[in-house]
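See structure below.
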Amino acid sequence: MTRTDLSAAGVSCLPFAVVRARDWSEPVVASLAGGALRLLSAGEVALVVGDAEAPARNGAARSGLLFHELVVERLARGGRPVAPLAPVGPPADEAALCAWLEAASASLREALERLDGRCEIGVLAWWDRTRATALDDSAPGAAADAYDRALAASFAQQARLRTRVRRDPSASTFLPRRELRAGEAAAADACAVWLATAAHERLSQVAELGRVASPPAADVLLDAAYLVRRDRLAALDAAIAGVAALGGGAVTVRRSGPRAAWAFATLRPFTRADRTAAAGRGAERGAERGATREAS
């Protein structure tokens, strides 16, 4: 049965995601993980939780990150809006979660409505700098200017090196060659910045929101997530094809399938117990500072 009262003080559970109450029934939610999930409801919103002490069907993975992600993705699979809970910390007190759900129900309902009909798409783009031979006219101004300057400097260094060799074939070219390699590296870096900026701007024109993470490797141009309307996925694929044509075809792009909006709607419950504990810690720090001032 759906739990809606606040009498479960001391009962611990694992929170997975906030959903619209009308989208889910208790049996359907329970079936997603072999009966280990249930709903805590507060008006139009509900929290999907699992019993912290339930026997694990899959060993330690049940309370781990992989199981958390699996549950959230199963909830999001049908296209209904899902706001994931951050998979951090120990099991939470059920009464505290119910209190948070009721206090925040209005904002949670608005967040779910904003997610309705939308999904997150992860995009990874990388490049082969030895094949990056051409840039088109859609380059953002600052990035294109930086690339042009770096390329011009590299060409100038090449010209100086050739002139030096013609004038004196026996002269050392160590320093000029170092300058040339530095110039080529600067041009390649500027090209990478341009390609990453152009790729993100093209995809952002189709998406509603976009967030970029730090590339995990030197050949990765873009590691990003986009919040996209499901009816715009074909337009996103067309934009991805355009991105792949950048840099003389040196760019490779892959996207994920539709998934829950982890980068845009991950929640962290801020319960009354949390606020009380935080206030207590603040008071203790204030008392310590006061005692230190008096002692000095």
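The values are calculated or read from the model by the stated rules, or taken from the named source; none is laboratory data. Small disclaimer: the values here were computed from a predicted structure and weren't measured. When we count neighbours, we look across all protein chains shown, and the Cβ atoms used for this are built from the backbone with ideal geometry, even at glycine. Each accessible area value is taken on the protein alone, full model and side chains, heavy atoms only, with ligands, DNA and RNA left out. Shrake-Rupley method; radii C 1.70, N 1.55, O 1.52, S 1.80 Å.
Structure notes:
- Remark: pairs (first residue in the range 204-229, surrounded by fewer than 14 Cβ atoms within 10 Å (Cβ to Cβ); second residue among the acidic types (Asp, Glu) and modelled with pLDDT of 95 or more; Cβ separation under 7 Å; 6+ apart in sequence or on different chains) = Ala213/Asp223; Pro216/Asp223.
So that you can scan it fast, the table gives a plain yes or no per residue for (1) within 19 Å of the chain's Cα centre (by Cα); (2) modelled with pLDDT of 95 or more; (3) in a strand (DSSP E or B):
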| site | (1), (2), (3) |
| --- | --- |
| Trp194 | no, no, no |
| Ala199 | yes, no, no |
| Pro215 | yes, no, no |
| Leu221 | yes, no, yes |
| Tyr226 | yes, yes, yes |
| Leu236 | yes, yes, no |
| Gly247 | no, no, no |
| Gly257 | yes, yes, no |
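- Filter result (of a type in the set (A, V, I, L, M, F, W, C) and part of a helix (DSSP H, G or I)) within the range 17-41: Ala21, Val28, Val29, Ala30
- Among residues of the range 65-78 being touching a residue at least 60 places away in the same chain (Cβ under 8 Å) and open to solvent by less than 20 Å² (accessible area, probe 1.4 Å), the one that is farthest from Ala265 (Cα to Cα) is Leu75.
- Residues being open to solvent by less than 30 Å² (accessible area, probe 1.4 Å) and more than 25 Å from the chain's Cα centre (by Cα) - total across the range 80-96: 3
- Considering residues of the range 103-133 that are of a type in the set (Ser, Thr, Tyr) and closer than 30 Å to Phe270 by Cβ only, the residue least open to solvent (accessible area, probe 1.4 Å): Ser105
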